[in-house]
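A quick write-up on the structure given underneath.
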Amino acid sequence: QVRLAESGGGSVQTGDSLRLSCVISGRTFAGTAVGWFRQAPEKEREFVAAIRLSEGGAAYADSVKGRFTISRDNAKKTVYLEMNSLKYEDTAVYYCAATHALQATTIKTYAYWGQGTQVTVSS
C-alpha cells in the first residue's frame, strides 16, 4: 500500500511559478514511479509528468515540456513538480499518483492516488 499527499497549490497569475510537493508513505520498490496528473473542469484527467524513484528518469507531457520540472528527494520521500511560466490553461486540480508498472505515462497503470491540490492561474 502506498499513500500520497499533495500540497503547494494556490492561486497565481499568468507567468508565475509554483512548486507542488507529494509526500509518499508506505511501501515503494526500486521500480516505483510517481506521476503528476491534472484534471480541469469538465475535462478528463491527463498525464503531466512522471519520475522513476530509483534512477530519476523523467517523462513529460508535450504541453509542459520546458516549463515544468519533476524531481524527487528520496530521503524525504517527496516528489516535486516545479511549474514555471504558468498559463491559464494550467488551471486544474493536480494529483500525484504511484505505480509499480513499467509504463509510467499512462493513467490506467496508476493504482495509488493522492487527494489533489488546486492550481488556479488567472490573467
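The values are calculated or read from the model by the stated rules, or taken from the named source; none is laboratory data. Just so it is clear, the model here is predicted, and its values are computed rather than measured. Cβ atoms come from the backbone with ideal geometry, glycine included; neighbour counts cover every protein chain shown. Ligands, DNA and RNA are excluded from the accessible area calculation, which covers all protein heavy atoms including side chains. Shrake-Rupley method; radii C 1.70, N 1.55, O 1.52, S 1.80 Å.
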For the chain, dividing by residue count, accessible area per residue (probe 1.4 Å) in Å² works out to 52
Quick one: grab the alpha carbon gyration tensor of segment 48-123, order the square roots of its eigenvalues as a ≥ b ≥ c, and give me rounded if a/c is under 1.5, else prolate or oblate depending on whether a/b is larger than b/c. prolate
Loop sites only, by DSSP: take the GluC sites (Glu not before Pro) in the chain that have at most 13 other C-beta atoms within 10 Å and name the longest stretch containing none of them. 56-123
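Can you send over the carbon and sulfur percentage of the accessible area for the chain, probe radius 1.4 Å, protein chains only? Intermediate results must be reported in sequence, preceding the final value.
On the way: 3050 of 6400 Å².
Within the chain, the accessible surface is 48 percent carbon and sulfur.
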Of all DSSP beta bridges located in the chain, what percent are antiparallel, nearest 5? 90
Note to self: C-alpha centroids of segment 1-21 and segment 106-120 sit apart, in Å, by 12
